[in-house]
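One structure is given here, and the rest of the page talks about it.
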Amino acid sequence: MSSESTNTQSSQQNGGSFWRKSGIPLLIIPVFLVAYLLGLPIGALGSIGFVYLSPNKEPAARLQAVEVFARVGDHARLDASPSAVPGQPDARLRFDWLDEDGFLLLPAGTNPESEQASRLDLQGLVPGERTVVLRVTNTSRCHYFTNLGISPAGCEKSSEIRARVVFGSEGPCGNGLEGDELVLTAPREIGAADRNAECRLVLPRLIVTNGYELKIQIDGPIDAAVGGTRIIAFRERDKAPAGRAGAAGQKFFYAEAGQPGRNGGVGARGETGAPGRSAGLIVIQAESLSNALTIENAGQSGGSGGTGGAGGLGEVGGSGRDSVVSNRACQQPAQAGQRGGNGGVGGTGGVGGAGGNGGEVRVTLTQKPARVLITAKGGPGGPAGAGGYPGLGAHGGHPGKVDAPCQRVEDGSAGVDGQRGAAGQAGAPGRSGSITVKAGTVMESRRDGQDQEVRIE
């Protein structure tokens, strides 16, 4: 083969490769030539060339809710306004709503590219379930083809999403869960009967289980509160009761004359704090979860140890004997006052109560949620009880009465204060609970004793 032939073949291959890589159909070139010879508007064909150079992007078909519940006779609305084309905010969209058999559901005369077409109202005449398919098509710039009598199908890009519409015969779904906070006083199951008037199961901002079992199960979606829902086992301020203080040591008042004061008694040990309650089982099972959910299924904090009992007061020393004078002579000198008793030692503080164990958490969601954070730590042990206060030493007794010419004597020495009691010991922490989460294709688990969080987002 000649060099010239080889170069020509290579040039043709390279040229064809360029057109294939550029995405421009080779048919465009002869179309431009024919249009030029026939006097057709080159500007319109130039627009078509631009469409091929910068093709439409596929839209993202989205619905505000993929499951809608309503009572028989009412209207259920599907809203596709969240649909959009990434990076192409001004794209022209066509909304086609179809039933399972492929029949169009938009009312006759509705422009499928209008804002009105982005919403569909359905009325249920009998109880049952319907599946609706939404097809969103990006038709931007495709009208150039229609103007030239060419099918725009090759220019359009589409995507689909399915919705489930359920019409019930029992009337309105319900009033929803009560209040912004839900505090359990017994085991609780939350399900379809707790949906609101729009047939949505919306969780309150805060749920406090108080250690009771909580199950949230529904064959459909769950909506966490706007800003997120937090489920906790116990409020931080709701600790187990503290142990009572130890009894004070025995105290005395006045010793008999001539007797030293007795020492105050030792204070009793403070009681052990009550153990914290363990957190209960939390089960969540649903198709999907909107907004953020935080679960803190920690055990209750143990109660503080009781304060040691105060040491008893020392006894005041007894008074001394009076002097005896006979014939103006001191027959018996006066006696000094007796020593005061020492104060008692304070009792040892009580041991803090053990923390409650963390509870088990099981979460199963068909779809991956926006954000879930779960912990199941053991509750902290209660603080050690403080040692009891020391008892005070008592005054010495008064000296006996002195008559001349006997010598004057002193008061008895005062007793010393006792020592403060030793502090108790902190309570032992509770054991961590287990966590099992299955969300879409994500699987996470933590066994008993593994003090780690599970985060899915």
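The values are calculated or read from the model by the stated rules, or taken from the named source; none is laboratory data. Computed from a predicted model, the values in this text were never measured in an experiment. Backbone-built Cβ (ideal geometry, glycine too); neighbour counts: all protein chains shown.
Things worth noting here:
- The one condition in (1) surrounded by fewer than 23 Cβ atoms within 10 Å (Cβ to Cβ); (2) hydrophobic (A, V, I, L, M, F, W, C); (3) in a loop (DSSP other than H, G, I, E, B) that residue 394 fails to fulfil: (1)
- Within the range 188-233, being under 29 Å from residue 432 (Cβ atoms) and basic (Lys, Arg) holds for 188, 205, 215, 230.
- Residues of the range 272-295 that are more than 23 Å from residue 67 (Cβ to Cβ) and either of a type in the set (Gly, Ala, Ser) or buried (at least 21 other Cβ atoms within 10 Å of the Cβ) (or both): 272, 273, 274, 275, 276, 277, 278, 279, 280, 282, 295.
- Residues located in the range 58-83, provided they are more than 32 Å from the chain's Cα centre (by Cα) and farther than 16 Å from residue 166 by Cα: 58, 59
- One residue stands out among those in the range 206-239 that are hydroxyl-bearing (Ser, Thr, Tyr) and touching a Gly at 6+ places or on another chain (Cβ under 7 Å): the one that is surrounded by the most Cβ atoms within 10 Å (Cβ to Cβ), which is 209.
- Subset of the range 288-299 (residues that are part of a loop (DSSP other than H, G, I, E, B) and out of contact with any Asp or Glu (no Cβ under 7 Å at 6 or more places or on another chain)): 297, 298, 299
- Answer from 447, 431 - the residue that is surrounded by fewer than 22 Cβ atoms within 10 Å (Cβ to Cβ), free of Cβ contacts under 8 Å to residues at least 40 places away in the same chain and basic (Lys, Arg): 447
- Within the set 250, 285, the sole residue that is assigned to a loop (DSSP other than H, G, I, E, B) and among the polar types (S, T, N, Q) turns out to be 250.
- Just one of the numbered conditions (1) closer than 30 Å to residue 323 by Cα; (2) crowded, with 18+ Cβ neighbours inside 10 Å; (3) hydrophobic (A, V, I, L, M, F, W, C) is not true of residue 374: (1).
- The residues of the range 434-444 that are in contact (Cβ under 8 Å) with a residue 12 or more places away in the chain and surrounded by fewer than 21 Cβ atoms within 10 Å (Cβ to Cβ), listed by number, are 434, 436, 438, 439, 440, 441, 442, 444.
- Odd one out for residue 268, checked against (1) in a loop (DSSP other than H, G, I, E, B); (2) at pLDDT 95 or above; (3) surrounded by 23 or more Cβ atoms within 10 Å (Cβ to Cβ): (3)
- Residue count for the range 306-345, restricted to those that are in a loop (DSSP other than H, G, I, E, B) and within 19 Å of residue 252 (Cα to Cα): 20
- Out of 186, 163, sole residue that is at pLDDT 95 or above and of a type outside the set (Asp, Glu): 186
- Hits in the range 360-387 - residues which are more than 19 Å from the chain's Cα centre (by Cα) and either under 29 Å from residue 427 (Cα atoms) or outside any loop (DSSP other than H, G, I, E, B) (or both): 381, 382, 383, 384, 385, 386, 387
- Condition broken by residue 244, with the remaining ones in (1) within 30 Å of residue 128 (Cα to Cα); (2) of a type in the set (Lys, Arg); (3) more than 18 Å from the chain's Cα centre (by Cα) satisfied: (1)
- Within the range 84-106, being of a type outside the set (Phe, Trp, Tyr), closer than 21 Å to residue 166 by Cα and out of contact with any Leu (no Cβ under 9 Å at 6 or more places or on another chain) holds for 100, 101, 102.
- Residue in the range 344-362 that is in the same structural domain as residue 245 (by TED's automatic domain parsing), hydroxyl-bearing (Ser, Thr, Tyr), over 22 Å from residue 320 (Cα atoms) and surrounded by 24 or more Cβ atoms within 10 Å (Cβ to Cβ) present: yes
- Any hit, the range 231-239, residues being out of contact with any Phe, Trp or Tyr (no Cβ under 7 Å at 6 or more places or on another chain), without any contact (Cβ under 8 Å) to a residue 40 or more places away in the chain, under 30 Å from residue 309 (Cβ atoms) and in a loop (DSSP other than H, G, I, E, B): yes
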